[in-house]
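**Student:** Okay, handing you the structure first.
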Amino acid sequence: MSEPLPSSFDGHPQFEEETPLQKFRRRFKEEPLIPLGCAATCYALYRAYRSMKAGDSVEMNRMFRARIYAQAFTLVAVVAGGMYFKTERTQRREFEKQVELRKGQEKRDAWLRELEIRDKEDRDWRQRHAAIEQAAKEAGKKPEPSTSVEPDAARSALEPSEEKSIGVLDAVRELISRRG
């Protein structure tokens, strides 16, 4: 059915399926300096905005410089974290790919089971229908239409009727021949 994940992921609690909230918490714990740098950048921008509103150009310039330093700090944290966690991220990507393949295989297997069930129901219905027709032929009469809705009602509606139907032209000719 589903193929197991590679043994390199067995027993590693860090390689488990996780919700988006769990992923956010894990990433926050792994690299806490990035959110800290973002918060410092936002705070510097806020202070620069308040200084601009108050008309204090010295404080505003100082806060814009602080914003630049905070952004540089954040950039260094991103690069350093990327280098430090590079191997773990590639392993995680591989794990997520394996999980996705496993889920796809499980979905495919479930769909095949559903098709097999439907096929069996169809075969059973055909056998019941053939048995009813056979019993009707043996009794020497036509089978009565069942009152229950059959799964293949569309098929039986498309089959040609045993009663003779006349076409429009035949009906017109018959009317003309009666008058004439």
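**Student:** Over 27 Å from the mean Cα position of the chain (by Cα), modelled with pLDDT of 90 or more and either part of a helix (DSSP H, G or I) or not small (Gly, Ala, Ser) (or both): is that true of Ala135 in this structure?
**Tutor:** no
**Student:** Which residues, counting only those in region 52-88, are of a type in the set (Gly, Ala, Ser) and under 18 Å from Lys29 (Cα atoms)?
**Tutor:** Ala77, Ala80, Gly81, Gly82
**Student:** Separate question: Please tell me if Pro143 is assigned to a loop (DSSP other than H, G, I, E, B) and either under 30 Å from the mean Cα position of the chain (by Cα) or modelled with pLDDT of 75 or more (or both).
**Tutor:** Criteria not met by Pro143.
**Student:** Right, next: Looking at (1) open to solvent by 90 Å² or more (accessible area, probe 1.4 Å); (2) touching a residue at least 24 places away in the same chain (Cβ under 8 Å); (3) of a type in the set (Asp, Glu), which is the one condition that is false for Glu106?
**Tutor:** All conditions pass for Glu106, except number (1).
**Student:** Next question. List pairs: first residue in region 20-33 and within 18 Å of Val76 (Cβ to Cβ), second residue surrounded by 11 or more Cβ atoms within 10 Å (Cβ to Cβ) anywhere in the structure, Cβ distance under 6 angstrom, at least six positions apart or on different chains.
**Tutor:** So the pair list comes out as Glu31/Gly81; Leu33/Ala77.
**Student:** Here's another thing I want to ask about it. Name every residue in region 39-66 that is among the acidic types (Asp, Glu) and assigned to a helix (DSSP H, G or I), in order of residue number.
**Tutor:** Within region 39-66, Glu59 is the sole residue that qualifies.
Conditions tested, residue by residue: (1) surrounded by 12 or more Cβ atoms within 10 Å (Cβ to Cβ); (2) without any contact (Cβ under 8 Å) to a residue 12 or more places away in the chain; (3) within 30 Å of Glu18 (Cβ to Cβ).
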{"residue": "Arg47", "(1), (2), (3)": "yes, no, no"}
{"residue": "Gly55", "(1), (2), (3)": "no, yes, no"}
{"residue": "Met83", "(1), (2), (3)": "no, yes, yes"}
{"residue": "Thr90", "(1), (2), (3)": "no, yes, yes"}
{"residue": "Glu96", "(1), (2), (3)": "yes, yes, yes"}
{"residue": "Ile117", "(1), (2), (3)": "no, yes, no"}
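**Student:** What's the number of the condition Tyr43 fails, among (1) open to solvent by less than 100 Å² (accessible area, probe 1.4 Å); (2) out of contact with any helix residue (DSSP H, G or I) (no Cβ under 6 Å at 6 or more places or on another chain); (3) over 18 Å from Phe24 (Cα atoms)?
**Tutor:** The failed condition is (1).
**Student:** Residue check: is Leu36 surrounded by 12 or more Cβ atoms within 10 Å (Cβ to Cβ) and either assigned to a helix (DSSP H, G or I) or over 35 Å from the mean Cα position of the chain (by Cα) (or both)?
**Tutor:** Judged against the criteria, Leu36 is a match.
**Student:** Which of the residues spanning region 89-129 are acidic (Asp, Glu) and over 28 Å from Phe28 (Cα atoms)?
**Tutor:** Correct list: Glu106, Asp109, Glu114, Glu116, Asp119, Glu121, Asp122, Asp124.
The values are calculated or read from the model by the stated rules, or taken from the named source; none is laboratory data. Bear in mind that the values here come from a model prediction, so they are computed numbers and not experimental data. Don't worry about glycine lacking a Cβ; one is built from the backbone with ideal geometry, like all the others, and counts go over all protein chains shown. Each accessible area value is taken on the protein alone, full model and side chains, heavy atoms only, with ligands, DNA and RNA left out. Shrake-Rupley method; radii C 1.70, N 1.55, O 1.52, S 1.80 Å.
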